[in-house]
1. Just need a number here: residues in region B:134-151 that are without any contact (Cβ under 8 Å) to a residue 60 or more places away in the chain and open to solvent by 90 Å² or more (accessible area, probe 1.4 Å).
2. For region A:118-147, name all the residues that are assigned to a helix (DSSP H, G or I), open to solvent by 40 Å² or more (accessible area, probe 1.4 Å) and either touching a residue at least 24 places away in the same chain (Cβ under 8 Å) or closer than 19 Å to B:ASP112 by Cβ (or both).
3. Report, by residue number, each residue of region A:88-111 that is within 11 Å of chain B (Cβ to nearest Cβ) and surrounded by 15 or more Cβ atoms within 10 Å (Cβ to Cβ).
4. Restricting to region B:72-115, name every residue that is of a type in the set (Val, Ile, Thr), part of a loop (DSSP other than H, G, I, E, B) and closer than 16 Å to B:GLU235 by Cα.
5. Check B:SER154 against each of (1) part of a loop (DSSP other than H, G, I, E, B); (2) at pLDDT 95 or above; (3) exposed (fewer than 13 other Cβ atoms within 10 Å of the Cβ); (4) touching a helix residue (DSSP H, G or I) at 6+ places or on another chain (Cβ under 8 Å) and name the one condition it does not meet.
6. Any idea which of B:GLY17, B:GLY68 is more than 12 Å from chain A (Cβ to nearest Cβ), at pLDDT 95 or above and exposed (fewer than 15 other Cβ atoms within 10 Å of the Cβ)?
7. Among the candidates B:ARG108, B:ARG118, single out the residue that is among the basic types (Lys, Arg) and more than 23 Å from B:PHE209 (Cα to Cα).
8. Quick check, is A:VAL207 of a type in the set (Val, Ile, Thr), over 23 Å from A:LYS167 (Cα atoms) and touching a residue at least 40 places away in the same chain (Cβ under 8 Å)?
Amino acid sequence: MTTHRSRSVSPDDVDFKDGIQEVDPVTGYDTTGHRWNGIRELNTPFPRLVLVILMLTFIYSVIAWVLLPAWPIGKSYTHGILGLTQEGEAISGFVAIEKTRQSWLSRFDKPDFAALAADKLLLAKAMPAAVRLFEDNCAVCHGQKGTGGPGFPNLADAYWLWSGEPKEIAQTITVGINSTDDDARFAQMPAFDSLSRSDRKKLADYVTALPQGKTSAKDPASALFADNCAPCHGDDATGGLENGAPSLADHSVIYGQDRHTVLTTLAHGRQGVMPAWSNRLSSAEINLLALYVAQLASKQNERTK
Amino acid sequence: MIPIQKLHYNLEKVSMGLVAAIIFAASIGGIVEIAPLFTIKETVEVPEDLRPLAPLELAGRQIYIREGCYACHSQMIRSLSDEIDRYGPYSLAAESAYDHPMLWGSKRTGPDLARVGRKYSDAWHVKHLINPRHVVPTSIMPVYPWLMEELDTSLLSAQVSTLHRLGVPYDTSQLENVKTDVLAQSQPDSDEAEGIAKRYGKDVAVRAFDGNPEKLTEMDAVVAYLQSLGTRTKEPYKILSEKPK
């Protein structure tokens, strides 16, 4: 590499004092032949190691062309003799994830909740997964800890719209409430704009006082309630009729049981939507979540006891 | 000096020529990788059941672009196993065949939205868009309360026609009824609501998305659009149902 090469220099290359390449005496490398005010530039050879690595990448790319999908040819492409695709890899990776999970999740295929809840070893594995499922799918509405918020019921207390039995909870998750699923649970609080405003106000005061137990049967609103509301909310307003109408006599609320909110509820009606999950979650995952939700409530119970 | 070295040597002295040569060299990779995607059948096969966006959904898409939602949300599930596990089947290129421009994105400050349709209720979306902190206390998503204002539909017919000219298969009846359909999709009890199912399929959501059928708002449009994401073709879902056991 240290041979002297000369090349022609055009006359307008004013920077060049001469076009002679020479060997730098200190490093032993060629110079480029350029010279700026007496400063010459070394023509340092490309490091051998990098050249070798570069050659290896070329060799690898030829091997890759043979093994992997590589060259486009019109409407198709060379598939490579391994027949691998990005999509296929993703699917088989996903199948592998599912298989590992299936080793314990398959126990939840059969909703024998009493047996499942008693298996402490199984729960140690399953509950962390349930927490993740809940956070991915349910937490935006029901809250990270299941405590709900205005319009979205608290799942961590002992008060239920439908039922706190894991089997029923699984059904709620599967079909949803007022969802687009054909078998969805249906719950509608009708608008009572047909009642006079003063009647609505009386009812609102009555309903607001219910949780404190400060109502009396002599109250004229009590008759209004019996006529209009009891068919769904129950004679004593404690709900439990399996029609999604909540108890109005306890401290648990969906939208709120202050006078203003109740008036809004009466004027416009309510029909909360809980989406159906049968298309997104497997039945085993739904059963797992049902057990998790049921336990949220009983954990809370232990705390308040 | 071998000829190629000579070429390079001479090129270095013509700066515009060098620029052109650099652009040419750098585009080879792009040409080889990207251009075939337009000819290889596998990538361009549009599913038969893919439907174009209904007018209200299209209006929502325009607002989605206007508000820059794509800056934080991708609409492309990558073909990686953990993405399938979290979001569902990976996105097919053909799913966005009717999107001009497509909104795949790559920045995920928030979650991917490609399969968010039907996951949450309309009421949740409305609450969340007005102020995300009302439902997700730790959210860093901005508030969009002005979406409750009236939807401007004056350009919508022109937008649908433009898409039609770009190859989106809106048929004559769809093109003629843009003005009726945009309103009807948010008024489930109106006489015109049936037209939506007739023209766009019975899977299209016809609801008072913002809770008020009387007023057509930008919120109606955005929520209708969000509820349509991932629901316009069943093709991707076959990936998982036909997977090897």
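The values are calculated or read from the model by the stated rules, or taken from the named source; none is laboratory data. Bear in mind the structure is a predicted one, so any value in this text is a computation, not a measurement. Positions of Cβ are generated from backbone atoms using ideal geometry, with glycine treated the same way; all protein chains shown enter the neighbour counts. Just so you know, the surface numbers come from the protein's heavy atoms only, side chains and all, with ligands and any DNA or RNA stripped out. Shrake-Rupley method; radii C 1.70, N 1.55, O 1.52, S 1.80 Å.
1. Taking region B:134-151 first, the residues without any contact (Cβ under 8 Å) to a residue 60 or more places away in the chain are B:134-140, B:142-143, B:145.
Filter once more, so that each one left must be open to solvent by 90 Å² or more (accessible area, probe 1.4 Å): B:134, B:137-138, B:140.
Qualifying residue count for the region: 4.
2. Narrowing region A:118-147 to residues assigned to a helix (DSSP H, G or I): A:118, A:120-137, A:139-142.
If we keep only those that are open to solvent by 40 Å² or more (accessible area, probe 1.4 Å) too, we end up with A:118, A:120-121, A:124-125, A:128, A:131-132, A:135-136.
Answer for region A:118-147, where residues must be assigned to a helix (DSSP H, G or I), open to solvent by 40 Å² or more (accessible area, probe 1.4 Å) and either touching a residue at least 24 places away in the same chain (Cβ under 8 Å) or closer than 19 Å to B:ASP112 by Cβ (or both): A:VAL131, A:ARG132, A:GLU135, A:ASP136.
3. Within region A:88-111, A:ALA90, A:ILE91, A:GLY93, A:PHE94, A:VAL95, A:GLU98, A:ARG101 meet the criteria.
4. Step one: filter region B:72-115 for residues of a type in the set (Val, Ile, Thr), giving B:77, B:84, B:109.
Next, only the ones that are part of a loop (DSSP other than H, G, I, E, B) stay: B:77, B:109.
Scanning region B:72-115 gives a single hit, B:ILE77.
5. For B:SER154, the exception is condition (4).
6. Working: B:GLY17 fails: at pLDDT 95 or above.
Result: B:GLY68 is the single residue among B:GLY17, B:GLY68 that is more than 12 Å from chain A (Cβ to nearest Cβ), at pLDDT 95 or above and exposed (fewer than 15 other Cβ atoms within 10 Å of the Cβ).
7. Values: B:ARG118 fails: more than 23 Å from B:PHE209 (Cα to Cα).
The conditions single out B:ARG108.
8. Yes; evaluated as a whole, the condition is true for this residue.
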